[in-house]
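Enquirer: Below is one structure. I have some questions about it.
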Amino acid sequence: MVPAAVGFQCPECVRAGTRATRQNQGPYGGAQSRNPRQTSIILIVVNAIVWAVLQVAQLAGLQYRIVWFLGLLPRGVCSSVTEPGSYWPAVSKVLCRANAGGTWIPGVVDGAWWQVFTSIFTHVSILHIAMNCLTLWFLGPPLESWLGRTRFLTTYLVAGLFGSLAVYCLSAEQSLSYGGSGSLFGLMGALLIILWRQKADVRQLLLWLGLNIVVTFVGASISWQAHMGGLVGGVLLAGVWVFVPSSAHRDRVQWGLVGVLGVVLVVGFAARTLVLLG
């Protein structure tokens with residue numbers, strides 16, 4: 001791997017991409033990005049805005065409410081008014097409203113479906129958002145240069161949703177999760193598939209990915225569900241982009257397969273919801 005203006009590249013990848021690229025078209029279909037940094041910058045700005053709002057809310061004592069609102073909470077909780085950030089487990093919505101000291105905070109199963117998306121852009125600590133944005137800055141531009149803007153953004157978001165699905169299905173029902181790490185693990189998985197497909201040296205990336213997986217399972221307060229779900233989502237999306245043969249119908253086949261992955265997500269969320277409601 002060698003330094004590049006948009007992150008890092010490998011000489012083999014550049015040569016392979018050049019051979020496969022037609023005028024204004026990326027090697028895996030779609031229009032090439034004139035500025036492959038742009039989407040990553042926009043995503044970083046969105047994350048930074050949400051983080052800044054949370055910091056301002058902290059000054060007013062409202063940060064915990066917004067975090068519970070934006071973060072992914074499988075089942076709603078009865079939050080304590082007198083002790084911000086605390087909640088009573090196993091207290092129903094009806095009992096919570098009857099308690100003057102409790103405020104009901106809905107979860108996904110209660111209808112807060114936006115959380116599976118907004119949680120991807122929610123960070124509280126400066127270290128959390130700094131690490132995630134730095135990782136996005138290095139991974140995003142080279143991926144966008146290969147995939148194009150639409151495919152790159154789709155990979156980022158769908159990988160994040162796969163991370164949210166894993167959290168929804170595998171985390172404790174009243175546990176709160178947030179952060180963009182699921183999407184970033186998806187980008188690492190996508191980059192691995194692309195480099196492997198181009199027969200590039202993937203040992204450095206495998207080492208980096210392996211270290212991140214180890215940290216995921218030994219670190220405290222880290223959602224392994226989001227990380228592993230995002231990784232699976234990124235690998236699946238990259239497979240759709242790079243393994244569909246080049247032809248006049250490649251775009252249609254690729255987006256059809258993306259639609260299938262969307263159906264998998266919808267069915268997965270619906271099935272888990274039925275289990276929680278039962």
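The values are calculated or read from the model by the stated rules, or taken from the named source; none is laboratory data. Predicted model, so just to flag it, every value in this text is computed and none were measured. Please note: Cβ atoms are built from the backbone with ideal geometry, for glycine as well, and neighbour counts cover all protein chains shown.
Enquirer: Please state which one of 38, 25 is at pLDDT 90 or above and of a type in the set (S, T, N, Q).
Expert: Being at pLDDT 90 or above and of a type in the set (S, T, N, Q) holds for just one of 38, 25, which is 38.
Enquirer: Now, a different point. When the residues of region 166-175 are narrowed to those that are touching a Leu at 6+ places or on another chain (Cβ under 8 Å) and buried (at least 24 other Cβ atoms within 10 Å of the Cβ), which ends up farthest from residue 233 (Cα to Cα)?
Expert: Per the stated criteria, the residue is 168.
Enquirer: Run residue 75 past the list (1) basic (Lys, Arg); (2) in a helix (DSSP H, G or I); (3) at pLDDT below 95 and report the number of the one that doesn't hold.
Expert: Here residue 75 meets the rest and fails (2).
Enquirer: With the condition being touching a Phe, Trp or Tyr at 6+ places or on another chain (Cβ under 7 Å) and over 20 Å from residue 147 (Cβ atoms), I'd like the helices (runs of 4 or more DSSP H) fully within region 170-278 carrying at least 2 qualifying residues.
Expert: On the way: elements: 181-197, 203-218, 224-243, 250-277.
By residue number, 203-218, 224-243, 250-277.
Enquirer: So which residues in region 81-106 are in contact with a helix residue (DSSP H, G or I) (Cβ under 7 Å, 6 or more places away or on another chain) and either at pLDDT 95 or above or among the aliphatic types (A, V, I, L, M) (or both), if there are any at all?
Expert: The one that is in contact with a helix residue (DSSP H, G or I) (Cβ under 7 Å, 6 or more places away or on another chain) and either at pLDDT 95 or above or among the aliphatic types (A, V, I, L, M) (or both): 105.
Enquirer: State whether one or more residues within region 147-164 are touching a Ser or Thr at 6+ places or on another chain (Cβ under 6 Å), in a helix (DSSP H, G or I), aliphatic (A, V, I, L, M) and surrounded by fewer than 18 Cβ atoms within 10 Å (Cβ to Cβ).
Expert: yes
Enquirer: While we're on this one: Among the residues of region 102-146, which ones are among the polar types (S, T, N, Q) and either farther than 28 Å from residue 274 by Cβ or surrounded by fewer than 20 Cβ atoms within 10 Å (Cβ to Cβ) (or both)?
Expert: 103, 118, 125, 132, 135, 145
Enquirer: I'm checking my understanding of the structure. Among residues of region 40-71 that are surrounded by 21 or more Cβ atoms within 10 Å (Cβ to Cβ) and farther than 17 Å from residue 125 by Cβ, which one is farthest from the chain's Cα centre (by Cα)?
Expert: Among those residues, the one meeting the criterion is 40.
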